[in-house]
Amino acid sequence: MKGISSAVIRRLPRYYRYLDELLENDVVRISSKELSEKMNVTASQIRQDLNNFGGFGQQGYGYNVEYLYKEIGKILGLDKKYNLIIIGAGNLGQALANYTDFERRGFYLSGIFDVNPRLIGMKIRGIEVRLIDELEEFIKKNPVYIAALTLPKTKAPQMAAQLVRFGIQAIWNFVPTDLHLPKDIVVENVHLVESLMHLSYNLKAVQEENQEKK
């Protein structure tokens, strides 16, 4: 999928989510215009996005919802199953562990690790929190591809480097710091404070606009 812009890739999960909702409501087909009204993206943009992967639509018919849903799932790799582990069993780590919708998408939590002895042995949805010292052996014995980092900022770079040495291929980073890892390691950053700052900026802009209208 080289040459496809990151903006297009970022929109695919939204398409997938809306199509999932349509399937739940027994919608069989939808036009790009109808989909655009739901997603607040132009019909032209939707057609351009999907044409990157073959189009999937039929002139005069639109898109078969179930077919398009499955095809976008394949593009996103959701036709496979991935085991993931969580590093850091604090509040955020526990919240992630308790989120059951991941399994619907093919992501299965197989382990949780922490350094805090008070948390070791605690079970979250039946999965026992293990000591971080067990991490290497666990990864050797279990097919794990993804690690979610929810630990303190100062410990994240070292832990990420260790995970790469142990064979982890992708890191879901919730720590507000940039990780400098080999190019073949996939990193998805979820910086909650930065997201809140974006929200603050947009709220400020709306408030200023409303003020000018008065």
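What do you get for Rg/Rh over the range 10-91 if you use C-alpha atoms and the Kirkwood form of Rh? Computed over Cα atoms, the ratio is 1.08. Out of (i) 10.2; (ii) 11.5; (iii) 16.0, which label holds the value of mean projected area of the Cα convex hull in nm² that was computed here? Here mean projected area of the Cα convex hull in nm² agrees with entry (iii). Stokes-Einstein diffusion of the range 151-214 at 20 °C, 1.002 mPa s viscosity, Kirkwood radius from Cα pairs, rounded to a whole number: 153 µm²/s. The amide H of TYR108, built 1.01 Å from its N in the peptide plane, has TYR82, ASN83, LEU84 as neighbours under 5 Å, considering only residues 5 or more places off or on other chains. DSSP assigns beta bridges within the range 1-149; of those with both partners inside it, close to 30 percent run antiparallel. In terms of distances greater than 26 angstrom between alpha carbons, the cross-link table entries LYS33/LYS214; LYS153/LYS183; LYS80/LYS140; LYS70/LYS153 yield LYS33/LYS214; LYS70/LYS153. Take every pair of alpha-carbon atoms less than 8 Å apart whose residues are at least six positions apart; their mean separation over the length of the chain yields a relative contact order of 13 percent.
Taking only protein heavy atoms into account and a 1.4 Å probe, give the accessible area per residue of the range 63-214 in Å². Walk me through the intermediate numbers first.
On the way: 9580 Å² over 152 residues.
Solvent-accessible surface per residue comes out at 63 Å².
Let me know the longest stretch in the chain that avoids all chymotrypsin sites (Phe, Trp or Tyr not before Pro) found in a DSSP loop with at most 12 other C-beta atoms within 10 Å. Please list the in-between numbers first.
Details: sites that count: TYR61, TYR99.
For chymotrypsin sites (Phe, Trp or Tyr not before Pro) (loop position, at most 12 other Cβ atoms within 10 Å), the longest site-free span of the chain is 100-214.
Any idea what the dipole of the chain comes to, in debye rounded to 20, about its Cα centre with Lys/Arg Cβ at +1 and Asp/Glu Cβ at -1? Please list the in-between numbers first.
On the way: 28 positive and 25 negative charges, 42 e Å.
The calculation lands at about 200 debye.
Solvent-accessible area of the range 100-214 (1.4 angstrom probe, protein heavy atoms only): carbon and sulfur portion equals 54 percent. Here the Gaussian network model covers the chain, with springs between Cα atoms less than 10 Å apart; of LYS183, LYS153, LYS204, LYS204 fluctuates the most.
If you run the Gaussian network model on the chain, springs between alpha carbon atoms under 10 Å, then out of GLY126, GLY93, GLY73 the most flexible one is GLY126.
Across all directions, the shadow cast by the convex hull of the range 76-200 built on its C-alpha atoms averages 8.3 square nanometres.
Can you give me the span-like helices of the chain, meaning DSSP H runs with 27 Å or more of Cα extent along the axis and Kyte-Doolittle mean at or above 1.0? Walk me through the numbers before you get to the answer.
Numbers: long enough: 6-24 (28 Å, -0.48); 192-213 (32 Å, -0.66).
Within the chain not a single helix satisfies the rule.
The values are calculated or read from the model by the stated rules, or taken from the named source; none is laboratory data. For clarity, every value in this text was computed on a predicted model and none was experimentally measured. Methodologically, a virtual Cβ is constructed for each residue, glycine included, from the backbone with ideal geometry; neighbour enumeration extends over all protein chains shown. Side chains are part of the model used for accessible areas, which takes the heavy atoms of the whole protein and leaves out ligands, DNA and RNA. Shrake-Rupley method; radii C 1.70, N 1.55, O 1.52, S 1.80 Å.
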